[in-house]
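Working notes, beginning with the structure itself.
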Amino acid sequence: MSRYPAPALTRRAFIASAAASATGAMFPFLPASPATAAQHEISLRAAIGRVRLVPPGEMAAWLYNGTVPGPEIRLRQGERLRVAVDNALPEETTIHWHGVRVPNAMDGVPNLTQKPIGAGESFVYEFDATDAGTFWYHPHHKSFEQVARGLYGPLIIEELEPVRVDRDVTWMLGDWRLTKSGAISEDFGNRHDIHHNGRVGNTVTINGRVPDGFAVRKGERIRLRLINAATARIFGLDFAGHEPVVIALDGQPVAPHAPDNGLVVLGPAMRVDLIIDMNGSAGSRAAVTDRFYEGLEFRLVDLVYDATPLRERAPDWPLALPANPLPEPDVKGAPRNEVVFTGGMMGEMVARDMGESMGRGASGGKMGHTNSMMGGMMRMMTSSAAWFINGVAADEASHDMKPMLALAKDRSHVIAMTNATAWHHPIHLHGHSFRVISRNGQPTRHQEWQDTVLVSPREKVEIAFVADNPGDWMFHCHVLEHQAGGMMAVFRVA
Ligand code: C2O
Ligand code: CU
């Protein structure tokens, strides 16, 4: 894999840009209409523009309101959000409000929940902010390309009584594949990326910049909202001597706890809210390192301590967030639905080990091992079907997405997933948050609510939720190249 370019942004420039975005200049809220004071309105224009990820170099990218990330949409729980979208791109698009429990017609899935927004057309999304938390928005049309070109932004729904901190900071992590000349590599959706671990890039950004330093003060307490907007890269962040406390996952509160092995892991689309007490000494620097891929560790950013402490010791303010109004699933009484993932490079071997059959061609039965291997190879060479859910590779472009599962409305359901592949998959369900109840048969410690769960190779994960949101909902891998390679399905709640 390629090496990361040396950060070219000076500490001063980064701090200045962070300060500029903190003033709110980037957030073009329109005045709320007088009749509904609790309504937030914003317009988003998707268009081609230019960005400086690694100044001074400039490159073409696809942007919301001219910036990457797009404007941070911020509103309070219980308010209503209205977003007028203008599509100034040369092709169709939609916007999906990742993790927000919206009505089906507002979910932004082309040809499933709405007609795609054509070039030059517009569309208005409108929904209530039922849950507080850290969410994000991105296109759901050719997302493996549109997200990779820069279309994504944070959506923050504030609690009515947020936890007390000195600063509330969002880091939206982006991953770019740049050419030697500093342009975006145009090899979107190539066969290799689809069959392996997706489009892992060579340039990682925080809020659209390759950062050098992030200014902090000794004794300061920060709520850090991490959002992984990469199409494929998984992060495992090590905060060097700091002791981050996880207070929310995918926007949903969780019992405050230290991350496993001290690493904050985020698959694509996942969010983690941390409380970090800045316990370093005044005037020092500490590196935040990404250690997810063994042998490919790299320094993401330095925490740069001001010469003057804010306070000598960390505050003892409470850490727990108020719960969101999620319906509690009845796990014991719930029907269990088996969902098996197969496919990808080396998938035949894993599927055989785990006693699962691969999709279509090979699942038919009597073929011996060699023939089935041949079948898999043939399929890979002749079609874009690379990944299978219960033996089916979806074809988004055909607009023929028949529901794979029918879930009775207002009932509890367990989805028992088996990853019979050699790769990680962040699995996302639309319209609902679910509890992750077990991994490889062991109950999870926190029974955490998520909307995207990272499933390791050969792992079995069970999730449970009340299907209280009617409609046809996408269930897919958020490695966007895997999704493009067929790893998606529709669950019908009725
Ligand atoms: Cu973040 Cu189906 O998407
Ligand atoms: Cu995947």
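List of remarks:
- Checked against the criterion of being modelled with pLDDT of 95 or more, within 21 Å of Leu112 (Cβ to Cβ), of a type in the set (A, V, I, L, M, F, W, C) and out of contact with any Leu (no Cβ under 8 Å at 6 or more places or on another chain), the candidates Phe491, Phe434 yield just one match: Phe434.
- The residues on offer are Asp238, Asp175, Asp212, and the sole one that is of a type in the set (Asp, Glu), touching a Pro at 6+ places or on another chain (Cβ under 7 Å) and in contact (Cβ under 8 Å) with a residue 24 or more places away in the chain is Asp212.
- Against the conditions (1) acidic (Asp, Glu); (2) modelled with pLDDT of 95 or more; (3) closer than 22 Å to Thr342 by Cα, Glu396 satisfies every one except (2).
- Options Asp277, Asp260: the member that is charged (D, E, K, R) and surrounded by 15 or more Cβ atoms within 10 Å (Cβ to Cβ): Asp277
- Residue, farthest from ligand 1 (Cβ to nearest atom), within the stretch 119-141, restricted to residues that are of a type in the set (D, E, K, R) and without any contact (Cβ under 8 Å) to a residue 60 or more places away in the chain: Glu121
- Residue within the stretch 421-436 that is open to solvent by 40 Å² or more (accessible area, probe 1.4 Å), assigned to a helix (DSSP H, G or I), more than 16 Å from ligand 2 (Cβ to nearest atom) and not aliphatic (A, V, I, L, M) present: no
- Ala467 satisfies every condition listed in (1) in contact with a strand residue (DSSP E or B) (Cβ under 6 Å, 6 or more places away or on another chain); (2) within 14 Å of ligand 1 (Cβ to nearest atom) except (2).
- Sole residue being among the small types (Gly, Ala, Ser), in contact with a Lys or Arg (Cβ under 7 Å, 6 or more places away or on another chain), open to solvent by less than 10 Å² (accessible area, probe 1.4 Å) and not assigned by TED's automatic domain parsing to the domain that holds Ala385, chosen from Ala232, Ala269: Ala232
- Apart from one condition, Ser384 fits all of (1) modelled with pLDDT of 95 or more; (2) under 28 Å from Gln483 (Cβ atoms); (3) under 24 Å from the mean Cα position of the chain (by Cα); the exception is (1).
- Met401 satisfies every condition listed in (1) of a type outside the set (S, T, N, Q); (2) away from ligand 1 (no atom under 16 Å from the Cβ); (3) surrounded by fewer than 22 Cβ atoms within 10 Å (Cβ to Cβ) except (2).
- Yes/no for Asp107 being assigned by TED's automatic domain parsing to the domain that holds Leu249, at pLDDT 95 or above and open to solvent by less than 60 Å² (accessible area, probe 1.4 Å): yes
- Cβ pairs under 6 Å, 6+ apart, first in the stretch 334-350 and assigned by TED's automatic domain parsing to the domain that holds Val466 and of a type outside the set (Gly, Ala, Ser), second within 12 Å of ligand 2 (Cβ to nearest atom) and open to solvent by 20 Å² or more (accessible area, probe 1.4 Å): Met345/His196; Met346/Ala422; Val350/Ala422
- Any chance Leu249 is open to solvent by 20 Å² or more (accessible area, probe 1.4 Å) and in contact with a Leu (Cβ under 8 Å, 6 or more places away or on another chain): no
- Residue in the stretch 78-92 that is closer than 25 Å to Val272 by Cβ, away from ligand 1 (no atom under 16 Å from the Cβ) and of a type outside the set (A, V, I, L, M) present: yes
- Evaluated against (1) over 30 Å from Arg76 (Cβ atoms); (2) within 16 Å of ligand 1 (Cβ to nearest atom), Gly267 falls short on exactly one condition, (1).
The values are calculated or read from the model by the stated rules, or taken from the named source; none is laboratory data. This structure is a prediction, so every number in the text was calculated from the model and none was measured. With ideal geometry, Cβ positions are generated from the backbone for all residues, glycine too; neighbour counts draw on all protein chains shown. Remember, those area values only see protein heavy atoms, side chains included, never the ligands or the DNA or RNA. Shrake-Rupley method; radii C 1.70, N 1.55, O 1.52, S 1.80 Å.
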